[in-house]
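Have a look at the structure below before the remarks.
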There are 2 protein chains.
Amino acid sequence: MKCAQHTCPGFISVPVSRTVLQQCLQARLQVKPAEEQSEAQFVQIDRGMVIYICFFKGATDDILPKMVSTLLNLRLCESDSGRMVSVLELPGSVLIVPQATLGGKAKGRAMQYHNNIHKDDGLRLYSAFVALCEKELMAAAASSAGRGAEITVKHGTYGNRQVLKLDTNGPYTHMMEF
Amino acid sequence: MKCAQHTCPGFISVPVSRTVLQQCLQARLQVKPAEEQSEAQFVQIDRGMVIYICFFKGATDDILPKMVSTLLNLRLCESDSGRMVSVLELPGSVLIVPQATLGGKAKGRAMQYHNNIHKDDGLRLYSAFVALCEKELMAAAASSAGRGAEITVKHGTYGNRQVLKLDTNGPYTHMMEF
């Protein structure tokens with residue numbers, strides 16, 4: 001995108017999604033709240049990475065392959081030897097948490113979310129993002145013969161409250177926009 | 001994201017710090033690792049907010065009052081009635097986690113931290129940020145007569161590994177730059 005200022009010779013790259021990444025020893029997320037007749041349901045991963053994700057207006061499916069490839073291949077996790085490696089190399093699991101609050105901007109003391117994508121489009125992109133992560137992680141697990149037997153992709157329910165419990169050996173929190 | 005051209009009059013000021021904010025029911029952070037003669041030491045807060053913080057090159061003390069005032073007064077927490085309120089209004093505790101990884105930028109598959117502030121300056125700003133948070137939170141607690149008896153500010157040791165355990169009822173993750 002061209003910079004909005006007509007005197008500016010440069011470009012502005014407006015992000016269409018924001019992710020926050022934390023490595024974990026264990027993470028547990030509620031995917032269905034308790035109801036009168038049923039207990040709450042949870043998903044859980046052990047060692048790996050939590051991806052909090054929010055899509056902004058203008059996001060399309062086109063960005064998903066690059067997002068997933070980048071997030072799974074960036075060296076964001078610490079190996080047993082202390083070297084930084086990707087979650088695929090670890091190999092570790094991935095917990096994906098939809099997090100619309102990441103799109104918040106302060107206006108006075110309130111947070112506003114006007115730049116967030118419409119809920120229907122967000123759900124579609126989120127589902128496609130999850131599916132692509134599953135595909136990439138499973139392909140990597142299959143090729144790493146045995147080492148990745150326990151790795152998995154889990155994810156939260158889009159639109160729900162994300163009741164999360166996290167245990168880390170240092171979250172190494174990163175922020176990546178696309 | 002900002003216009004890349006420094007000559008552009010539309011250039012929105014370059015941020016000198018990045019924070020990630022999560023509300024918690026309980027958070028526990030290691031402040032001293034275990035050694036041969038001693039066990040690891042931890043600090044803990046109950047309900048409140050975790051502030052992960054990273055300073056970039058160019059950050060000075062001047063930004064701290066605005067940062068602290070904004071973070072403590074923004075409506076980032078959910079009250080018992082479900083209304084969004086500030087951590088001061090909750091009233092809740094604050095756990096401050098130094099998190100240099102927040103300054104990371106991807107270069108190929110590696111993360112680089114060239115924009116992070118020099119360690120000595122970072123420690124000084126971090127210490128001043130913690131002190132200012134303590135002052136503001138304690139002043140608010142004193143004026144809220146009794147309601148805030150349990151609230152406190154805890155923080156991690158700058159430069160250490162931040163071994164963190166987090167329990168949430170929905171982290172409501174926000175990102176704020178200053």
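The values are calculated or read from the model by the stated rules, or taken from the named source; none is laboratory data. Just so it is clear, the structure is predicted and the values come from calculations on it, not from any experiment. Positions of Cβ are backbone-derived with ideal geometry, glycine not excepted, and every protein chain shown enters the neighbour counts. Quick note on the areas: whole protein, heavy atoms, side chains included, nothing else; ligands and nucleic acids left out. Shrake-Rupley method; radii C 1.70, N 1.55, O 1.52, S 1.80 Å.
Tabulated data for the structure shown
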| item | result |
| --- | --- |
| Of all residues making up segment B:22-64, the number that are within 19 Å of B:CYS133 (Cα to Cα), in contact with a helix residue (DSSP H, G or I) (Cβ under 7 Å, 6 or more places away or on another chain) and of a type outside the set (Gly, Ala, Ser) | 7 |
| Which numbered condition A:LEU72 fails, given (1) in a strand (DSSP E or B); (2) open to solvent by less than 30 Å² (accessible area, probe 1.4 Å) | (1) |
| Residue within segment A:3-14 that is modelled with pLDDT of 95 or more and not hydrophobic (A, V, I, L, M, F, W, C) present | no |
| Qualifying residue in segment A:115-134 (condition: buried (at least 18 other Cβ atoms within 10 Å of the Cβ), free of Cβ contacts under 8 Å to residues at least 40 places away in the same chain and within 14 Å of chain B (Cβ to nearest Cβ)) | no |
| Meets criteria (touching a residue at least 60 places away in the same chain (Cβ under 8 Å), under 20 Å from A:PHE178 (Cβ atoms), of a type outside the set (A, V, I, L, M) and surrounded by 19 or more Cβ atoms within 10 Å (Cβ to Cβ)) for A:CYS77 | yes |
| Pairs where the first residue, in segment A:100-111, is at the interface with another protein chain (Cβ under 7 Å from one of its Cβ atoms) and the second is in a helix (DSSP H, G or I), C-beta under 8 Å, 6+ apart | A:ALA106/B:THR70; A:ARG109/B:ASN73; A:MET111/A:THR101 |
| Residue, farthest from A:CYS24 (Cα to Cα), within segment A:56-69, restricted to residues that are open to solvent by 10 Å² or more (accessible area, probe 1.4 Å) and out of contact with any strand residue (DSSP E or B) (no Cβ under 8 Å at 6 or more places or on another chain) | A:GLY58 |
| Options A:GLY82, A:GLY58: the member that is within 11 Å of another protein chain (Cβ to nearest Cβ) and part of a loop (DSSP other than H, G, I, E, B) | A:GLY82 |
| Pick from segment A:30-55, criterion in a loop (DSSP other than H, G, I, E, B) and in contact (Cβ under 8 Å) with a residue 24 or more places away in the chain, ranking: least open to solvent (accessible area, probe 1.4 Å) | A:ALA40 |
| Any hit, segment B:102-114, residues being at pLDDT 95 or above, touching a strand residue (DSSP E or B) at 6+ places or on another chain (Cβ under 6 Å), under 23 Å from A:LYS105 (Cβ atoms) and part of a helix (DSSP H, G or I) | yes |
| Top-ranked residue in segment B:149-178 [being among the polar types (S, T, N, Q) and facing chain A (nearest Cβ under 7 Å); ranked as nearest to A:ARG109 (Cα to Cα)] | B:THR173 |
| Residue list for segment B:89-99, restricted to those being more than 10 Å from chain A (Cβ to nearest Cβ) and more than 13 Å from B:ILE51 (Cβ to Cβ) | B:LEU90, B:PRO91 |
